[in-house]
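Peer 1: One structure coming up, written as structure tokens, with questions to follow.
Each value in this text was obtained by applying a stated rule to the coordinates, not by laboratory testing. Remember, it's a predicted structure, so these values are computed and weren't measured experimentally. Neighbour counts are summed over all protein chains in view; Cβ atoms, including those assigned to glycine, are modelled from backbone coordinates with ideal geometry.
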Amino acid sequence: MRVDWAAVYRETYTDLVRFLHRKVWDADQARDLAQETFVRALDHDPDNPRAFVFTIAANLARDEARAAVRRKTHLALIKADRGDSGDSEEAGVEAERVAAVRAALERLSERDREALLLWDAGFSYPEIAQQTGLAVGAVGTTLARARKKLVDAMPQATNEPQQRQG
């Protein structure tokens with residue numbers, strides 16, 4: 001039986017974009033990668049289309065992250081050559097917030113981060129187990145551990161606005 005890709009798209013697009021956004025930290029890039037994911041998936045007829053789409057998306061995001069590192073290095077070299085200064089203060093604050101969240105997520109192990117992002121994308125425990133190689137019974141423990149590590153890694157970022165107000 002052929003996959004109804006239109007239905008898969010309608011059912012997963014929003015979750016897929018959210019998943020990708022947390023991988024690449026750019027909303028436009030996440031939407032572009034989601035579109036590319038579906039373009040690549042159309043030629044296939046997998047048993048579990050949702051899991052297949054998220055696997056393609058994770059691979060595309062990983063490739064994009066590698067390319068972004070190369071671009072960032074190149075841009076830093078260009079700025080250094082030109083003597084450019086930083087962006088506005090507001091952009092700097094937002095960049096710091098994004099960097100704090102990214103750093104907290106990067107402190108997680110690859111498996112913990114992947115499980116947490118898949119859960120956030122709406123995957124069930126059995127689907128997370130299938131994607132990560134975990135036993136279904138270990139998914140809850142892995143998610144609890146990942147959430148705790150994420151919260152522990154974020155105290156400065158979450159407390160900072162409260163300190164400014166008080």
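Peer 1: Between D45 and Q29, what is the spin-label point distance in nm, taking each point 7 Å from the Cα along the Cα→C-beta axis?
Peer 2: Those two pseudo-labels are separated by 3.6 nm.
Peer 1: Between E96 and D4, what length in nm is gained on full extension when 0.36 nm per residue of separation is reduced by their alpha carbon distance?
Peer 2: Working: separation 92, 0.36 × 92 = 33.12 nm, distance 4.17 nm.
Full extension of this stretch gives 28.9 nm more.
Peer 1: Work through the residues other than L118 whose Cβ is under 15 Å from its Cβ and net out their charges, Lys, Arg +1 and Asp, Glu -1. Don't skip to the end; give the middle numbers.
Peer 2: Values: positive: R18, R22, K23, R50, R62, R111, R113, R145, R147; negative: D15, E110, D112, E114, D120, E127.
Once all neighbours under 15 Å are counted, the net charge is +3.
Peer 1: Shifting gears a bit: Show me the ranking of peptides 130-136, 57-63 by mean Cβ neighbours inside 10 Å, starting with the highest.
Peer 2: On the way: 130-136: 14.7, 57-63: 16.9.
Ranked by mean Cβ neighbours within 10 Å, highest first: 57-63, 130-136.
Peer 1: Would you mind working out the magnitude of the charge dipole of region 91-157 relative to its Cα centre, with +1 at each Lys and Arg C-beta and -1 at each Asp and Glu C-beta, to the nearest 20 Debye?
Peer 2: Details: 9 positive and 9 negative charges, 43 e Å.
Here the size comes out at about 200 debye.
Peer 1: Just to confirm a number: summing +1 for Lys and Arg and -1 for Asp and Glu over residues other than R147 whose beta-carbon lies under 12 angstrom from that of R147, what do you get?
Peer 2: Details: positive: R113, R145, K148, K149; negative: D112, D120, D152.
It works out to a net charge of +1.
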